[in-house]
Amino acid sequence: MSPAITRLAKTAGFYLLVAVIILQAVFPFYYAILTSLESGQAIFEVNYLPTAVTFANYWGMIADGVFGKQILNSVFVATVVVCISLFLAVTAAFALSRIRFRGRGLLLLTILSVSMFPQIAVLSGLFEVIRILGLFNSLWSLVFSYMIFTLPFTVWVLTTFMRKMPIEIEEAAIMDGASSFTIIRRIFLPLMWPAMVTTGLLAFIHAWNEFLFALTFLSTDGQRTVPVAIALISGLSEFEVPWGNIMAASVIVTLPLIVLVLVFQRKIVSGLTAGAVKG
Amino acid sequence: MTTRTAISTLSRQRILSAWLFLAPMLVVLAAVALYPLARTIYFGFTDASIDFTSEAQWIGFRNYLEYLDYGDGEGEYFGLLADEGWWSAVWNTLRFTVTSVFFETVFGLVIALVLNTSFKGRALVRAAVLIPWAIPTIVSAKMWAWMMHDQFGILNDMLIRLHLISDPIAWTASPDTAMIAVMMVDIWKTTPFMALLILAGLQMVPADIYEAAKLDGVNPVRLFRKVTLPLIMPAVLVAVVFRALDALRVFDIVYVLTPNNDRTRTMSVFARENLFDFDKFAYGSAASTLLFLIVALLTISFIYATRMNVEADE
């Protein structure tokens, strides 16, 4: 075989691999959209390309009323979780990264190890706490319990971020006798926006997707968040599962996430690797 | 003298404010993680039931192992450690973790290597690869459940068209394929995470190494095995450990894709069923505690083995 042909074969093989990678990544969601746009008998025929497009499944989900409420529930929980954990994490990260004190390393290790906790390990204890606090079947039970994974993560990433900033930026402020709180507010916050957007976004996605706590701490349809709502959509029998509606609901809750992730691609990738690799 | 006192007062003030800043976060973490964990462990040693957690009585290790003597030298062991259901859940979890993480690492490595070469359309591939990661786990489970539907599923249709199978497979229902189905969804969903972490490692390999190797005419496979792989090994290992710890607590995919299936029931699913479905709150707490112990031991040995340096700046 001549070198030119070998090179051509190599290039072809490479692009074949690229095609396979793209196809496997995109196809399942493409097929979900396809199914969501079919209705009646068309759903039960395997199609690879769109045939008769109808939005009946989407109208069905929206007209239902409860699904809209469930989306709002998810938006509320994820937003409040992000705001509270960012607020708690910024001040904590300042202390952990800019001030030397005894036990700092141990504290960081403890916080990191909390993020390794299997959620199931705290489930029965949390269930008791939430019942005692009177939060059972309230969205606040999720706001409270989601702190277990958003807080360690945001503290960890913001601490590594703050640590990289030069000491000079706060020296002048300390000399002027500014309080630590003023230093955070006036000096660090303006510089921290990129890191906070990234961690906030990742925490939002995590809270939006959470399933186990939402399944356990909420008991009525109107209170549920979308992952549990989608998991519990069912027909009267195994043969009447409304696949069209399930796919429509899936597309509705996933599309905004995909858009967010693609828009903030670079930030998310750097946030993910900072959360996992650095240390 | 005066300046030194002034400085030490200042630093004492800073330390005080450090603890003030940490306090709210620590209180929340204690309330949401440490206290519930302690209660879970405690419940595992009691006869607590879901509605009467405060009246729980201490019963020692009976949830874990208990020998009931029937007299005449006959008796039976009860408790988690003698429960076949629990051991099957342990086995399922381990099988799931080892297999999924293995394939995720291999596929993640391939995708990372592709993304690390420059070619037309790389941005497109990077964006496409992120999509499975962005899709909520429950949604991926449902999407795949539909694609793997025994009668109307597109997966069976594809395989039949390609003449790989002759009859449709009931992927999620059949005991032989249920675990494969769960693994497939998990591998599809988390390979992007693996690829991104490995890619971060690859990008730290200095480019001149490749240029030097190219000039010397080193075979690319050899270059990968002898140079690239050893250099990215630390990044790969960290990614593997993170994924493995995550896979050991798998719940969502199994619960949604193959409910009530002995072949796929993992430790987390086993624990939750006992806690909330079977009215065996204490027994479920004991199972949760065992899972916690396993994950904790692995985490500690990982931190110890890598001598992870937390105070990276010093």
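Considering segment A:51-72 alone, what residues qualify as being part of a loop (DSSP other than H, G, I, E, B) and open to solvent by 80 Å² or more (accessible area, probe 1.4 Å)?
Scanning segment A:51-72 gives A:THR51, A:VAL53, A:PHE55, A:ASP64.
Listed here are the residues, each with its yes/no results for (1) part of a loop (DSSP other than H, G, I, E, B); (2) over 30 Å from A:GLY134 (Cα atoms); (3) at pLDDT below 90.
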| site | (1), (2), (3) |
| --- | --- |
| A:GLU171 | no, yes, yes |
| A:ALA178 | yes, yes, yes |
| A:PHE188 | no, yes, yes |
| A:VAL197 | no, yes, yes |
| A:PHE204 | no, no, no |
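Just checking, how many residues over segment A:77-94 are at the interface with chain B (Cβ under 9 Å from one of its Cβ atoms) and free of Cβ contacts under 8 Å to residues at least 40 places away in the same chain?
Qualifying residue count, segment A:77-94: 1.
Out of all the residues in segment B:262-293, which are open to solvent by less than 20 Å² (accessible area, probe 1.4 Å) and more than 19 Å from the chain's Cα centre (by Cα)?
B:GLU273, B:ASN274, B:LEU275, B:PHE281, B:ALA282, B:GLY284, B:SER285, B:ALA286
Just for segment B:24-46: of the residues that are part of a helix (DSSP H, G or I) and among the hydroxyl-bearing types (Ser, Thr, Tyr), which one is farthest from the other protein chains (Cβ to nearest Cβ)?
B:TYR42
Residues of segment B:69-88 being surrounded by 10 or more Cβ atoms within 10 Å (Cβ to Cβ) and in contact with a strand residue (DSSP E or B) (Cβ under 6 Å, 6 or more places away or on another chain), which ones? Even if it seems obvious, please write down each step before you answer.
Residues of segment B:69-88 that are surrounded by 10 or more Cβ atoms within 10 Å (Cβ to Cβ), as a first pass: B:75-83, B:85-88.
Residues satisfying the conditions are B:GLY75, B:GLU76, B:TYR77, B:PHE78, B:GLY79.
Quick one: how many residues across segment A:129-146 are open to solvent by 10 Å² or more (accessible area, probe 1.4 Å) and either within 7 Å of chain B (Cβ to nearest Cβ) or within 20 Å of the chain's Cα centre (by Cα) (or both)?
The total comes to 4.
Inside segment B:217-314, counting only helices (runs of 4 or more DSSP H) that do not spill past its ends, which hold 2 or more residues that are in contact (Cβ under 8 Å) with a residue 24 or more places away in the chain and of a type in the set (S, T, N, Q)?
So the answer is B:281-306.
Kindly check whether there is at least one residue in segment B:87-99 that is within 12 Å of chain A (Cβ to nearest Cβ) and on the phi < 0 side of the Ramachandran plot. Give the steps one after another, and end with the answer.
Looking only at segment B:87-99, we keep the residues that are within 12 Å of chain A (Cβ to nearest Cβ), and these are B:89, B:93.
Now narrow it down to the ones that are on the phi < 0 side of the Ramachandran plot: B:89, B:93.
Within segment B:87-99, one or more residues are within 12 Å of chain A (Cβ to nearest Cβ) and on the phi < 0 side of the Ramachandran plot.
Can you tell me which residues in segment A:115-126 are open to solvent by 10 Å² or more (accessible area, probe 1.4 Å) and facing chain B (nearest Cβ under 8 Å)? Before you say what the answer is, go through the steps one by one.
As a first pass, look at segment A:115-126 and keep what is open to solvent by 10 Å² or more (accessible area, probe 1.4 Å): A:115-117, A:119.
Once the filter is applied, which keeps residues that are open to solvent by 10 Å² or more (accessible area, probe 1.4 Å) and facing chain B (nearest Cβ under 8 Å), segment A:115-126 yields A:MET116, A:PHE117, A:GLN119.
Out of (1) open to solvent by 10 Å² or more (accessible area, probe 1.4 Å); (2) in contact with a helix residue (DSSP H, G or I) (Cβ under 8 Å, 6 or more places away or on another chain); (3) not in a loop (DSSP other than H, G, I, E, B), the odd one out for A:THR154 is which?
(1)
Return the residues of segment A:160-175 that are within 23 Å of A:LEU109 (Cβ to Cβ) and either at the interface with chain B (Cβ under 10 Å from one of its Cβ atoms) or out of contact with any Phe, Trp or Tyr (no Cβ under 9 Å at 6 or more places or on another chain) (or both); say none if nothing qualifies.
A:THR160, A:PHE161, A:ARG163, A:LYS164
Scanning segment B:100-126 for residues that are facing chain A (nearest Cβ under 8 Å) and closer than 17 Å to A:LEU23 by Cα, which turns out farthest from the chain's Cα centre (by Cα)?
B:GLY121
Pairs needed: first member in segment A:53-70, without any contact (Cβ under 8 Å) to a residue 40 or more places away in the chain and within 13 Å of A:ILE252 (Cβ to Cβ); second member anywhere, assigned to a loop (DSSP other than H, G, I, E, B) and open to solvent by less than 40 Å² (accessible area, probe 1.4 Å); C-beta distance under 9 Å; at least 6 residues apart or different chains.
A:PHE55/A:LEU37
All but one of (1) within 25 Å of A:ALA32 (Cβ to Cβ); (2) at the interface with chain B (Cβ under 10 Å from one of its Cβ atoms); (3) open to solvent by less than 40 Å² (accessible area, probe 1.4 Å) hold for A:LEU232; which doesn't?
Here A:LEU232 clears every test but (3).
Which condition from (1) open to solvent by 10 Å² or more (accessible area, probe 1.4 Å); (2) closer than 24 Å to B:GLN13 by Cβ is the one that A:GLY222 breaks?
The failed condition is (2).
The values are calculated or read from the model by the stated rules, or taken from the named source; none is laboratory data. Keep in mind the model is a prediction, meaning the values are calculated, not measured. When we count neighbours, we look across all protein chains shown, and the Cβ atoms used for this are built from the backbone with ideal geometry, even at glycine. To get the accessible areas, we keep the full protein, side chains included, count just its heavy atoms, and leave off ligands, DNA and RNA. Shrake-Rupley method; radii C 1.70, N 1.55, O 1.52, S 1.80 Å.
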